[in-house]
1. Only one of (1) out of contact with any helix residue (DSSP H, G or I) (no Cβ under 6 Å at 6 or more places or on another chain); (2) outside any helix (DSSP H, G or I); (3) more than 23 Å from GLU266 (Cα to Cα) fails for PHE324. Which number is that?
2. Can ALA339 be described as open to solvent by 10 Å² or more (accessible area, probe 1.4 Å), of a type in the set (A, V, I, L, M), within 30 Å of TYR456 (Cα to Cα) and part of a helix (DSSP H, G or I)?
3. Quick one: which helices (runs of 4 or more DSSP H) sit completely within the range 132-236 and have at least 2 residues that are of a type in the set (D, E, K, R), touching a residue at least 12 places away in the same chain (Cβ under 8 Å) and surrounded by fewer than 16 Cβ atoms within 10 Å (Cβ to Cβ)?
4. Under the condition of being without any contact (Cβ under 8 Å) to a residue 40 or more places away in the chain and assigned to a loop (DSSP other than H, G, I, E, B), which residue from the range 425-441 is surrounded by the most Cβ atoms within 10 Å (Cβ to Cβ)?
5. Looking at (1) open to solvent by 50 Å² or more (accessible area, probe 1.4 Å); (2) free of Cβ contacts under 8 Å to residues at least 60 places away in the same chain, which one does ILE284 not meet, given that it meets all the others?
6. Taking the options LEU493, LEU498, LEU489, name whichever one is more than 17 Å from LEU400 (Cα to Cα), in contact (Cβ under 8 Å) with a residue 60 or more places away in the chain and assigned to a helix (DSSP H, G or I).
7. Among the residues of the range 97-130, how many are more than 24 Å from VAL144 (Cα to Cα) and without any contact (Cβ under 8 Å) to a residue 40 or more places away in the chain?
8. Looking at the structure I just gave you, is VAL177 within 26 Å of LYS415 (Cα to Cα) and of a type outside the set (S, T, N, Q)?
Amino acid sequence: MNSNATAFTSPLASLRYGAVNVPPQVEYLVETISQVTGWQIFFTILGLLVAYDQFMYIYQKGSIVGPSWKMPFIGPFLQSMNPKFEEYYAKWLSGPLSCVSVFHKFVVIASTRDMARKVFNSPAFVKPCVVDVAHKLLGADNWVFLDGKAHVEYRKGLNGLFTRKALEIYLPGQEAVYNRYFDSWLKITKENGGKPLPFMIHFREIITAVSCRTFVGHYISDEAVKKIADDYYLITEALELVNFPIIIPFTKTWRGKKAADMVLAEFSKCAAKSKVRMAAGGEITCILDAWVKQMVDSKRWREAEEKGEALEGVEKPTQMLRDFSDYEIAQTIFTFLFASQDATSSASTWLFQTMAQRPDILDRVRDENLKTRNGNPNAPVTLDQLESMAYTRAVVRELLRYRPPVLMTPYVVKKAFPITETYTVPKGAMVIATTYMALRDPEVYERPDEFDPERYYTGDAEVKGAKNYLVFGTGPHYCLGQHYAQMNLVLMLGKASLMMDWKHYPTPKSEEIEVFATIFPKDHCPLTFEKRQW
């Protein structure tokens, strides 16, 4: 080889890379990339993201029932903005476990009784959750977001607020609300010329009023109660299962946040007033008072111990509590309202509609309530008397089975959850325990699609359906106020039956279910009311 031969170098390479010898393949790649437009880069990245989104969905879906592919990124978001009961029901029927994926959230639906109970009873793997924006509305440090030991300890301090002794104290305030609002319903019908009006909105208002009086007593004004009743709808909208995870001005979540801030401000003022009154030795009249009284007594006990004062004859509080700030108290009271408002509004709406459709059952309720009050329809009742009304309680119990206010309870998976031998719910996913199918199980409830209080009055549904009655959940996060909720409905129905007659005006949509956090008749329950003559 001629050592004086000159090596050939590409002019292009010499121009771009100087003395560096660049292979033709690299040169071609550089040339190609240099000609790529911004749009080509964008669509390439988009395609890769779409492919990754599909891959992750299919991987997480595994062997359970679900769509074979996912609408890129959003999934069934648009469909979920207007949820339909029929679509939920079809999903529950599709299999014990099914799934969807909305935005970044993979969701597993546990439809059967056993699957739902496994979710409820697996605190090592799951914890309760709501939508992403809930932390902004209820407060990121709210007790409902606590888990494990912290949740157990906090809950212990609340258990005493729902004892029989406590519920007895709240009764007079509840009766006063019902007396007032039932009179207003008579007036509403009269002012409308005796023509029917959709009463769902009025059920929402009366439940707000009775909840506020039970929770914070007369520390809150009638005007504030009305404001909360009117605006709570905005909070419910913001906390729908599928919604934007961030707060954007003038959206549902933005309006819900403003309404939630208003409620928290009102409840904070109530907490401050209760602290002053309880410290001065005032009597307990509401849940707020009972809780603040525990704080006051705990503080006095600790101070006496620190000072070495004699504690003989002084009863130590059953649960020693720290001093909670007004805002912390407001947050907790807000969760009580959150837990009761929509569910009880739903139950009361269906209860009055169903009773109007079944006058034979309403007559038996009325007779039982009159006898319990010794023939005086205006007599107040005690908790013992409410609990003694077996038939009215059976009616409420059956109504909650027949039209369960809470269809689904969402949980977030803390770590990979082996829910069956063949499927593990991935960490970070949402798993939803469904109550509806357990409450309509034909192997447990004969003629499950019929409303029949006899199954709880003379039948064996209470025993046979013990594991199916998931209206209030089960496990460590069961509903604290389940006895209160049922007795409240017993009181409401009993008083209404003695004070009023009412008529339902059915439409083609009366039995169709509208899903709005909970369930309502699609026609919003058109009713008229008249004063009952004795």
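The values are calculated or read from the model by the stated rules, or taken from the named source; none is laboratory data. For clarity, every value in this text was computed on a predicted model and none was experimentally measured. Quick reminder, even Gly has a Cβ in these numbers, built from the backbone with ideal geometry, and neighbours come from all protein chains shown. For accessibility, only protein heavy atoms count, side chains too; no ligands or nucleic acids. Shrake-Rupley method; radii C 1.70, N 1.55, O 1.52, S 1.80 Å.
1. That leaves (3) as the condition not met.
2. Numbers: open to solvent by 10 Å² or more (accessible area, probe 1.4 Å): yes; of a type in the set (A, V, I, L, M): yes; within 30 Å of TYR456 (Cα to Cα): yes; part of a helix (DSSP H, G or I): yes.
Judged against the criteria, ALA339 is a match.
3. Details: elements: 134-138, 148-159, 164-191, 200-216.
Fully inside the range 132-236 and qualifying: 148-159, 164-191.
4. ARG440
5. (2)
6. On the way: LEU493 fails: more than 17 Å from LEU400 (Cα to Cα); LEU489 fails: more than 17 Å from LEU400 (Cα to Cα).
Matching residue, one of LEU493, LEU498, LEU489: LEU498.
7. Residues in the range 97-130 being more than 24 Å from VAL144 (Cα to Cα) and without any contact (Cβ under 8 Å) to a residue 40 or more places away in the chain: 4 in total.
8. Working: within 26 Å of LYS415 (Cα to Cα): no; of a type outside the set (S, T, N, Q): yes.
So VAL177 fails the test.
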